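Trainee: First the structure, which I've put down as C-alpha cells, then a few questions once you've had a look.
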Amino acid sequence: MEHAIEVKDLTKNYGEITAVNHINFEVRKKEIFGFLGPNGAGKTTTIRILTGVIKPDGGTATIMGHNILKEPLKAKQIISVVPEMANAYINLTAWQNLMLIGELYGVPKKVRQERARHLLRDFKLFERRKHLARGFSKGMKQKLILCMALLTEPQVLFLDEPTSGLDVESARLIRDTIRQYNRDGTTIFLSTHNMEEANRLCDRIAIINHGEIAAIDNPESLRMKSSTLKSVEVSFNKSVSVNELPKNANVTEAKKIGDKIKLYTDEPHSVINSIIDYARSQDLKIISLNTLAPTLEDVFIKLVREYKGD
Amino acid sequence: MLEYPFLEQLKRAFAIAKKNLRIYYKSGPVLIFGLITPCFFFLAFFIGRNLPIQQLFTGLIGMTIFFSSMSIGPAIVPFEARSRTLERLVSTPVSVWALLLGDVIASFLYGLLVTIIPVTIGLVSGVSIIHPLILCLGIFFAAFCFASFGILLSAYPPTDVPSTVMMTSTLVKFPLVFISGIFIPIWEMHDWQRILASFSPLTYFTDLVNYCTQGTSYYSVFVDFAALIGFTLLFLTVAIKIHEKTLPKRL
C-alpha cells in the first residue's frame, strides 16, 4: 500500500449545488499534502467526507486501505482531525478534554496521561491544565484542539485551516509541530488559505476550485509551470504610474504595489531593457529592479481565474 | 484496541456519558425541565386535594423520573452542534449507537439520582413499600426507557437550537403525564382512556409503583416490565435510525 489516502470519483451534492465534483487524488504515506482553494471550493466538504463526518453521494475514499464508508471505525481509529469550525469542550478543563479524546480512541489510561502531560508541556498549556477551556484565548484553544488530535498519535492527521487567525508565535509553533510529526512518520493533510504556509510545509499541493481539482503537483513544479507568471518588479526615485510606462508586447499584466510596479511577463530580459530605456529617457533613478519567479499565490489566482474564464 | 468492538464501543459510550454528566447536569434547560417542572406539577395538582399518601407518592415518583430522565438527552445533540463540538465527536471512532447510548446513560444516571429524592421523601412520610426490589428494578428500567425516549425526541428536527428541542419534547411529555395513570388511576379510566394510556411508557411505571406501594395494579408486573423494555428497544432503534440520517445535517 503506497498511499495513505486514495480518493476516487468522489462526489457530494447539497441540493442542486455540487460541492465536490468527481474528484480524484492520492496522498502518499508520510507526505504533507496541501489542499488549497478559495472559500466554498469544496475543501471542508472533502475533509468531512475523508474523516467520516458526512457521506459522499458517489465515489470512494480509503484511509490506509480502509474504505471510509465500509470500515468507518477502522479508518477513524488511525486518523485525527482538527476541524476548521471545531471547538474544545469549554465546560471541561484542558486535561478533561484530552482524557475524553484518549478514552474515545481507546488509548490506555497511563499512556493517555503520559502523552497529555507531554503535549501540554510542549504547547505551554501544562500550567493551565486544570482550567476550563472557556477561559482560553483563541490561540490556546487552537493549541488544545491540536493536542487533542495528537494525543492519539494518528497515522494520518487532517488539519483544516489550523493557523487561521492565530498570532505569529502560535502559528509558528503549530507549523513546527506539523513538521516534527511528519518527520516521525505522520501523513499530514493540510487545508489552508495561507499560500506561504503551503509553500513552506507541503510536499505536494492540490488546488480545488468549484468542487474540481484544478492542479496537483509539488509547489516548485506548480510555480514553474506558469512561465507567464514570471515578473519584473521595479521602483523609481519618483512616483510613476503603470500607464506612464512604455507599452511592451511581452507584458501580460502590470500593477502598482506600494511604491513598486510589478510587470508580469514570460520575457523578463526584454522588459528590463525597456524599463532601463524609459528610466534614461525620463531621467529617473532605478531604486530596485528584481526578476521574480511566480509565487504560489500567483499560480493559485491564475488557476482560479482560468476556471472562471476570466 | 478493536479486538472486541462491542465492548470497546461500550467503554466509549461510558466516556461520552461521563462527559455529558460533567457538562450538562447543571445547565439551565436540564434544571428547569428535570427538577423544577416536576416540582411545580406536583404542587399544582396534588396539594390541597386530600389524596392518600400512596397515590401522592406514585404521582411524585412518576413525574420526577419521567421529567428528570428526559431532561439531559434532548439537550445534548443540539448543544453540541451549537458549541461546535459535534463534528469533532462524530469524527472519532465511535459508532452512532455508542454515541447515543452515551447520551442515554447520562440521562439515565441523572434520572436515577434525582429519583432518590422522592423515594426518600416517600419513605420519610411513611409510605410503605411492599415490594422494594420490584420498585428498584422498575425505577431502573423506567429511567432507561425515558432516557431513550428523550434521545428519540432530539432526533428531529435536526436543529442546533436546544430550546427548539426542549419545546418539542415538552409538547410530547406534558400530554403523556395526563394519560398515564398519575392523576386518574388506570382502573378508574374509561376504556378509550385506557387504550390511550397503553401507548405511554409512563403508564407501566405508575402501574408498577402502585403494585409496589398499594399491592394492586392494572397490568401484571410481567406486562409492565415487558412494556418498559419493549418501549426502550423501540425508542433506541428508531432514535439511532433517525440520528444516523440527521446528524450530518446539524454540522
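The values are calculated or read from the model by the stated rules, or taken from the named source; none is laboratory data. Please read these numbers as outputs of a predicted model, since none were measured by experiment. Neighbour counts run over all protein chains shown; Cβ positions are idealised from the backbone, glycine included.
Trainee: Residues in segment B:1-55 that are crowded, with 17+ Cβ neighbours inside 10 Å, over 16 Å from the mean Cα position of the chain (by Cα), at pLDDT below 90 and facing another protein chain (nearest Cβ under 9 Å): how many?
Mentor: Of the residues in that region, 1 qualify.
Trainee: Looking at A:L104 and the list (1) more than 7 Å from every other protein chain (Cβ to nearest Cβ); (2) without any contact (Cβ under 8 Å) to a residue 24 or more places away in the chain; (3) crowded, with 21+ Cβ neighbours inside 10 Å, which single condition is not satisfied?
Mentor: (1)
Trainee: Taking the condition under 20 Å from B:T246 (Cα atoms) and more than 15 Å from the chain's Cα centre (by Cα), does B:S91 pass?
Mentor: Spelling it out, B:S91 is indeed under 20 Å from B:T246 (Cα atoms) and more than 15 Å from the chain's Cα centre (by Cα).
Trainee: Run down A:D122, A:D167, A:D203, A:D176 and say which single residue is touching a strand residue (DSSP E or B) at 6+ places or on another chain (Cβ under 8 Å) and among the acidic types (D, E).
Mentor: Details: A:D122 fails: touching a strand residue (DSSP E or B) at 6+ places or on another chain (Cβ under 8 Å); A:D167 fails: touching a strand residue (DSSP E or B) at 6+ places or on another chain (Cβ under 8 Å); A:D176 fails: touching a strand residue (DSSP E or B) at 6+ places or on another chain (Cβ under 8 Å).
Sole residue among the options that is touching a strand residue (DSSP E or B) at 6+ places or on another chain (Cβ under 8 Å) and among the acidic types (D, E): A:D203.
Trainee: Could you check how many residues of segment A:195-243 are assigned to a helix (DSSP H, G or I) and at pLDDT 90 or above?
Mentor: Counting residues in segment A:195-243 that are assigned to a helix (DSSP H, G or I) and at pLDDT 90 or above gives 1.
Trainee: Give segment A:7-42 a look and list any residue that's part of a loop (DSSP other than H, G, I, E, B) and over 24 Å from A:R305 (Cα atoms), or say none. Give the derivation first.
Mentor: As a first pass, look at segment A:7-42 and keep what is part of a loop (DSSP other than H, G, I, E, B): A:15-16, A:29-31, A:37-42.
Within segment A:7-42, A:G15, A:K29, A:K30, A:E31 qualify.
Trainee: When the residues of segment A:40-56 are narrowed to those that are more than 14 Å from chain B (Cβ to nearest Cβ) and touching a residue at least 24 places away in the same chain (Cβ under 8 Å), which ends up farthest from A:E103 (Cα to Cα)?
Mentor: Going through the qualifying residues, I end up with A:A41.
Trainee: Sticking with this structure for a sec: Among the residues of segment B:129-146, are any farther than 19 Å from B:L112 by Cβ and at pLDDT below 95?
Mentor: yes
Trainee: Checking A:K255 against (1) within 30 Å of the chain's Cα centre (by Cα); (2) surrounded by 14 or more Cβ atoms within 10 Å (Cβ to Cβ), only one condition comes out false. Which one?
Mentor: (2)
Trainee: Taking A:T187 as the residue in question, decide whether it is at pLDDT below 90, of a type in the set (V, I, T) and more than 18 Å from A:F123 (Cα to Cα).
Mentor: Taking the combined requirement at face value, the residue does not satisfy it.
Trainee: Here's something else I'd like to know. Do we find a residue being under 16 Å from the mean Cα position of the chain (by Cα) and under 17 Å from A:L92 (Cβ atoms) anywhere in segment B:76-84?
Mentor: The answer is yes; a qualifying residue exists.
Quick grid of which residues meet (1) facing chain A (nearest Cβ under 9 Å); (2) aliphatic (A, V, I, L, M); (3) more than 25 Å from B:F235 (Cβ to Cβ):
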site	(1), (2), (3)
B:E87	yes, no, yes
B:V90	yes, yes, no
B:G102	no, no, no
B:S107	no, no, no
B:Y110	no, no, no
B:L113	no, yes, no
B:I121	no, yes, yes
B:V124	no, yes, yes
B:V127	no, yes, yes
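Listed here are the residues, each with its yes/no results for (1) of a type in the set (D, E); (2) more than 30 Å from A:L69 (Cβ to Cβ); (3) without any contact (Cβ under 8 Å) to a residue 12 or more places away in the chain; (4) part of a helix (DSSP H, G or I).
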residue: B:C39; (1), (2), (3), (4): no, yes, yes, yes
residue: B:L51; (1), (2), (3), (4): no, yes, yes, no
residue: B:Q54; (1), (2), (3), (4): no, yes, no, yes
residue: B:G59; (1), (2), (3), (4): no, yes, no, yes
residue: B:I65; (1), (2), (3), (4): no, yes, no, yes
residue: B:P78; (1), (2), (3), (4): no, no, no, yes
residue: B:E87; (1), (2), (3), (4): yes, no, no, yes
residue: B:A98; (1), (2), (3), (4): no, no, no, yes
residue: B:S107; (1), (2), (3), (4): no, yes, no, yes
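Trainee: Which of (1) at pLDDT 85 or above; (2) surrounded by 21 or more Cβ atoms within 10 Å (Cβ to Cβ) is the odd one out, the single condition B:S83 does not satisfy?
Mentor: In the conditions (1) at pLDDT 85 or above; (2) surrounded by 21 or more Cβ atoms within 10 Å (Cβ to Cβ), B:S83 misses (2) alone.
Trainee: Can you tell me which of A:G52, A:G106, A:G102 is closer than 23 Å to A:T186 by Cβ, in a helix (DSSP H, G or I) and touching a helix residue (DSSP H, G or I) at 6+ places or on another chain (Cβ under 6 Å)?
Mentor: A:G102
Trainee: Looking for something in contact (Cβ under 8 Å) with a residue 60 or more places away in the chain, surrounded by 19 or more Cβ atoms within 10 Å (Cβ to Cβ) and within 14 Å of chain B (Cβ to nearest Cβ) - is there at least one such residue anywhere in segment A:117-133?
Mentor: No, segment A:117-133 contains no residue that is in contact (Cβ under 8 Å) with a residue 60 or more places away in the chain, surrounded by 19 or more Cβ atoms within 10 Å (Cβ to Cβ) and within 14 Å of chain B (Cβ to nearest Cβ).
Trainee: Next question. Please give the number of the condition A:G139 fails out of (1) part of a helix (DSSP H, G or I); (2) more than 11 Å from chain B (Cβ to nearest Cβ); (3) more than 29 Å from B:Y24 (Cα to Cα); (4) free of Cβ contacts under 8 Å to residues at least 60 places away in the same chain.
Mentor: With respect to (1) part of a helix (DSSP H, G or I); (2) more than 11 Å from chain B (Cβ to nearest Cβ); (3) more than 29 Å from B:Y24 (Cα to Cα); (4) free of Cβ contacts under 8 Å to residues at least 60 places away in the same chain, A:G139 is out only on (3).
Trainee: Just need a number here: residues in segment A:62-76 that are of a type outside the set (A, V, I, L, M, F, W, C), outside any strand (DSSP E or B) and more than 23 Å from the chain's Cα centre (by Cα).
Mentor: Of the residues in that region, 5 qualify.
Trainee: What number of residues within segment A:202-243 satisfy the criterion of being in contact (Cβ under 8 Å) with a residue 12 or more places away in the chain and more than 21 Å from A:N39 (Cβ to Cβ)?
Mentor: Within segment A:202-243, the subset in contact (Cβ under 8 Å) with a residue 12 or more places away in the chain is A:202-219, A:222-242.
Cutting the leftovers down to more than 21 Å from A:N39 (Cβ to Cβ) gives us A:203-204, A:217-219, A:223-242.
Qualifying residue count for the region: 25.
Trainee: May I pose another question? Kindly evaluate A:S239 against the criterion of being surrounded by fewer than 18 Cβ atoms within 10 Å (Cβ to Cβ) and either closer than 30 Å to A:C202 by Cβ or touching a His at 6+ places or on another chain (Cβ under 8 Å) (or both).
Mentor: no
Trainee: Any chance you could count how many residues in segment A:57-84 are within 12 Å of chain B (Cβ to nearest Cβ) and without any contact (Cβ under 8 Å) to a residue 12 or more places away in the chain?
Mentor: The qualifying residues number 3.
Trainee: Follow-up question, since we're still on this one. A:K247 is checked against (1) under 18 Å from A:S270 (Cα atoms); (2) of a type in the set (K, R); (3) surrounded by 14 or more Cβ atoms within 10 Å (Cβ to Cβ) and fails just one. What number does that condition carry?
Mentor: Of the numbered conditions (1) under 18 Å from A:S270 (Cα atoms); (2) of a type in the set (K, R); (3) surrounded by 14 or more Cβ atoms within 10 Å (Cβ to Cβ), the odd one out for A:K247 is (3).
Trainee: Just need a number here: residues in segment A:109-131 that are under 27 Å from the mean Cα position of the chain (by Cα), assigned to a loop (DSSP other than H, G, I, E, B) and among the basic types (K, R).
Mentor: 1
Trainee: If B:A227 meets every condition in (1) over 19 Å from B:P118 (Cβ atoms); (2) touching a residue at least 40 places away in the same chain (Cβ under 8 Å); (3) not basic (K, R) apart from one, which number is that one?
Mentor: (2)
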